[in-house]
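Novice: Got a structure for you, questions after.
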Amino acid sequence: MTTLYRIFILTAFIFTAAQASAAALPQDMLLLPPDGWVTNRAGVPFSHELHDADGTVACITCHHEWDGEGEPLGCASEGCHVSESRRDPMSFYGAFHDRNSERSCVGCHRTARRDSDARPPVSCNGCHVPQ
């Protein structure tokens, strides 16, 4: 094989792998509390692609119990963040709103605002957008 041919094959492989990785991200979704819960806020539109635009956010950053096998579960899944108490650090509310945890939406957004030029929303209405 010539060097030019090898470069072509390697480039095609890298391009295909990048496309496969991007295609593996779930589609946009609406984050909602577990079934049967009552809330006074709208759901939160969420885009995996937007949150991992530069490819540096690993799935396990948010899906911290995921073992890398199969599909990661969401926070509303049975056995995860199922407590309805806002004061419980393991509650569904806490999973998204804990200002001191970089795994929560609010905590991660606050860190991004502090450490970069990014301006992700940190107010209630910035994320809870009525549909």
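Novice: Which one is farthest from Trp37 (Cα to Cα) among residues in the stretch 84-131 that are among the polar types (S, T, N, Q) and surrounded by 15 or more Cβ atoms within 10 Å (Cβ to Cβ)? Quick ask: steps written out before the conclusion?
Specialist: Kept after step one, since they are among the polar types (S, T, N, Q), are these residues of the stretch 84-131: 85, 91, 100-101, 104, 111, 116, 123, 125, 131.
Now drop any that are not surrounded by 15 or more Cβ atoms within 10 Å (Cβ to Cβ), which leaves 91, 101, 104, 111.
Working: Ser91: 12, Ser101: 24, Ser104: 20, Thr111: 29 Å.
Filtering first and then ranking leaves Thr111.
Novice: Pull out all pairs, ordered by first then second residue, where Cβ-Cβ is under 9 Å, the residues are six or more apart or on different chains, the first lies in the stretch 32-52 and is in contact (Cβ under 8 Å) with a residue 24 or more places away in the chain and farther than 17 Å from Gly126 by Cβ, and the second is of a type in the set (Asp, Glu) and part of a loop (DSSP other than H, G, I, E, B).
Specialist: Matching pairs, first to second residue: Pro33/Glu84; Pro34/Glu78; Pro34/Glu84; Trp37/Glu84; Glu49/Asp28.
Every read-out reported here was derived from the displayed coordinates using simple, explicitly stated rules and does not represent laboratory data. Values in this document were obtained by computation on a predicted structure and should not be read as measured data. Cβ atoms come from the backbone with ideal geometry, glycine included; neighbour counts cover every protein chain shown.
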